[in-house]
Structures are given as structure tokens and as C-alpha cells.
1. So, D87, is that one closer than 22 Å to E37 by Cα, touching a strand residue (DSSP E or B) at 6+ places or on another chain (Cβ under 9 Å) and surrounded by fewer than 16 Cβ atoms within 10 Å (Cβ to Cβ) or not?
2. If you take the residues of segment 109-137 that are surrounded by 17 or more Cβ atoms within 10 Å (Cβ to Cβ) and away from the ligand (no atom under 11 Å from the Cβ), which of them is nearest to E47 (Cα to Cα)?
3. Checking the structure you have, find out if any residue of segment 36-43 is more than 27 Å from F141 (Cβ to Cβ) and away from the ligand (no atom under 11 Å from the Cβ).
4. Count, please, the residues in segment 1-25 that happen to be near the ligand (Cβ under 8 Å from one of its atoms) and among the aromatic types (F, W, Y).
5. Quick one: count up the residues across segment 92-118 that are in a loop (DSSP other than H, G, I, E, B) and closer than 15 Å to G16 by Cβ.
6. Does E66 satisfy the condition of being more than 13 Å from the ligand (Cβ to nearest atom), among the acidic types (D, E) and under 25 Å from the mean Cα position of the chain (by Cα)?
7. Being under 12 Å from S111 (Cβ atoms), more than 11 Å from the ligand (Cβ to nearest atom) and surrounded by 15 or more Cβ atoms within 10 Å (Cβ to Cβ), is that true of even one residue in segment 26-34?
Amino acid sequence: MSEKINCLIIGSGPAGYTAAIYAARAGLKPVLYTGMEPGGQLMITTEVENYPGYPKGIQGPQMMDEFREQAERFGTDIRYAIINKVDFTGPVHKAWTDGGEELHADAVIISTGASAKWLGLESEKRLTNKGVSACAVCDGFFFRHMDVAVVGAGDTAAEEAMYLSKLCPNVHLIVRRDEMRASKIMQERVLRTSNIIVHWNSVTDEISVKMMLKQSASKTQSLVNSRLFRSRDFS
Ligand SMILES: Cc1cc2nc3c(=O)[nH]c(=O)nc-3n(C[C@H](O)[C@H](O)[C@H](O)COP(=O)(O)OP(=O)(O)OC[C@H]3O[C@@H](n4cnc5c(N)ncnc54)[C@H](O)[C@@H]3O)c2cc1C
């Protein structure tokens, strides 16, 4: 048995709920599957300050509650399940839930987002939103006028480092090998920026809050004195 759906939305982050609001108001009766992270990535953040309409900032989970309410208000059918298979080869778009239901949809909007590629350290988890961040554009402002560190050597790390170099006195880029993976042009930009200090052949194996709070003038200490940005390579 399959269920016929007009407009299937996969994902319940800002993109999914935005699509749902528009689709519902257009009379498309959207059905939205939340996936394993109802509300998406903003459910794990605290203060969101860069969305228009929230002049005093808002907590991520509260904002996502409001997105959900707005989508529901126009009749979005929200379901708490995961889509674990799709088939878009035929004239009807097919999708299957983790509960085994088969869905046939005229239109499918995929808004499954992305997730930050964390280092996987226990200390990183503990200090997330307390000086450790996965998004320079989101959180850099909180750490302006402070030294920061970025872990990574790809294009994302290079972008984050460049962005932070305009806000922070020093950006320490911690690179595992003796070369960067970033595109040539991004590497050149990073290496040309005087307040980005690259630490080659350096592995980040611990983040310490004590060290982050300690004041020191020496180069090594100022590195551990930094706030940490994990480059958001998307997985
Ligand atoms: C710690 C942190 C802090 C951040 N702070 C800010 C900030 O202050 N300001 C800012 O602008 N941005 C911030 N961001 C970035 C922001 O969260 C993302 O840009 C935004 O969430 C992307 O929205 P999205 O809807 O595309 O995807 P996501 O929020 O990633 O949502 C993806 C959704 O897809 C669902 N999904 C995935 N797979 C399936 C599946 N198979 N079936 C069904 N559903 C599925 C998930 O359950 C989830 O609901 C932050 C991110 C993090 C991690």
C-alpha cells in the first residue's frame, strides 16, 4: 500500500520549514518528514543573532519551535520519521520511511541540510557554544577582538580563517600536514593575510577551557588562549 502525497518535504531545519510555509500557503498540502534531528542544526545552538526579525537574538530551539508553529498554522502535516530510500527514476517520485511506508509524491523538496564535521573530542563536545564553534559567520562576532584558532586545511577552513581575520587580532590555522587541501587561490589568500598564523604538522587532540581562559603574551600560549572554530567541511 502506498500513500499519495502532493508535496513531500524531507527535513525540518530552516530550509524545510520555509519550504513548508510557502508550499502550504500555495495550497500544496505539504507533508514534512522531520528526520532524526527535528528542527535541524539550530537545535544545538544557543543564541542566534543574525536572523532578521529577532532584534534581541533568539535561542536556536525556540526559533525552530516558531518555524514549526508557522508551518503548522498553514496546515503542514509534520511527521516524525526518517526517509531512508527514494526512487526518482519513474514518472512518480517514490520515497520510503524508516517505518516501511511507501510514499508517492508529485513533488519532493529535499532539505536535509548538512552537518558540521567535528573533531570528535570529548572536550570539543563539552565546550561547544562555550568557545568552540562550527560556524565562523554565525559566531565570529562573539569573539571579535580575541585571538581565535581554526582547525582544518580545506576551502572551508580557509574561508572561515579569512572571515575571522577581519574580526580578530590573530587567527591560528591548525593544519595537520605540511600542506593545505584548499584550492590554490584560497591558500594564497590565507598565506598573504598577515594576521593568519599557520601551524603546520599540528594535530588538535585536546581543547582545554583552563588554557582558553589563561592570559599570556607568548605565541604558544596565545594559541591555547584562542577560541576554536572547527571548519565546517560538510559530510
Ligand atoms: C552549533 C551551530 C550553531 C549555528 N549557529 C548559527 C547561527 O547563529 N546563525 C546561522 O545563521 N546559522 C547557524 N548555524 C548554521 C545553521 O544551523 C544551518 O545553516 C541551518 O541549520 C541549515 O538549515 P537546513 O534547513 O538547510 O538544514 P539543517 O538545519 O541541517 O536541517 C536538516 C534537516 O534534515 C533532516 N534530515 C536529514 N536526513 C533526513 C532523512 N533521511 N529523512 C528526513 N529528514 C532528514 C534532519 O533531521 C534535519 O531536520 C549553526 C550551526 C551549528 C551546528
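Only the coordinates and a few stated rules stand behind these numbers; no lab work does. Owing to the predicted nature of the structure, the values given are computational and were not obtained by experimental measurement. A quick note on method: Cβ atoms are made from the backbone with ideal geometry, for glycine too, and the neighbour counts reach across all protein chains shown.
1. Numbers: closer than 22 Å to E37 by Cα: no; touching a strand residue (DSSP E or B) at 6+ places or on another chain (Cβ under 9 Å): yes; surrounded by fewer than 16 Cβ atoms within 10 Å (Cβ to Cβ): yes.
Against the criterion (closer than 22 Å to E37 by Cα, touching a strand residue (DSSP E or B) at 6+ places or on another chain (Cβ under 9 Å) and surrounded by fewer than 16 Cβ atoms within 10 Å (Cβ to Cβ)), D87 does not qualify.
2. Filtering segment 109-137 for residues that are surrounded by 17 or more Cβ atoms within 10 Å (Cβ to Cβ) and away from the ligand (no atom under 11 Å from the Cβ), the one nearest to E47 (Cα to Cα) comes out as G131.
3. Our first condition is that a residue be more than 27 Å from F141 (Cβ to Cβ); within segment 36-43, this holds for 36, 38.
Still in the list and also away from the ligand (no atom under 11 Å from the Cβ): none.
Looking through segment 36-43, none of the residues is more than 27 Å from F141 (Cβ to Cβ) and away from the ligand (no atom under 11 Å from the Cβ).
4. Residues in segment 1-25 being near the ligand (Cβ under 8 Å from one of its atoms) and among the aromatic types (F, W, Y): 1 in total.
5. Start the filter on segment 92-118 by keeping residues that are in a loop (DSSP other than H, G, I, E, B), which leaves 92, 98-101, 111-118.
So of that shortlist, the ones also closer than 15 Å to G16 by Cβ come out as 111-115.
Result for segment 92-118: 5.
6. On the way: more than 13 Å from the ligand (Cβ to nearest atom): yes; among the acidic types (D, E): yes; under 25 Å from the mean Cα position of the chain (by Cα): yes.
Yes, satisfied.
7. Restricting attention to segment 26-34, the residues satisfying the condition of being under 12 Å from S111 (Cβ atoms) are 30, 32-34.
Now narrow it down to the ones that are more than 11 Å from the ligand (Cβ to nearest atom): 30.
Filter once more, so that each one left must be surrounded by 15 or more Cβ atoms within 10 Å (Cβ to Cβ): 30.
Yes, segment 26-34 contains at least one residue that is under 12 Å from S111 (Cβ atoms), more than 11 Å from the ligand (Cβ to nearest atom) and surrounded by 15 or more Cβ atoms within 10 Å (Cβ to Cβ).
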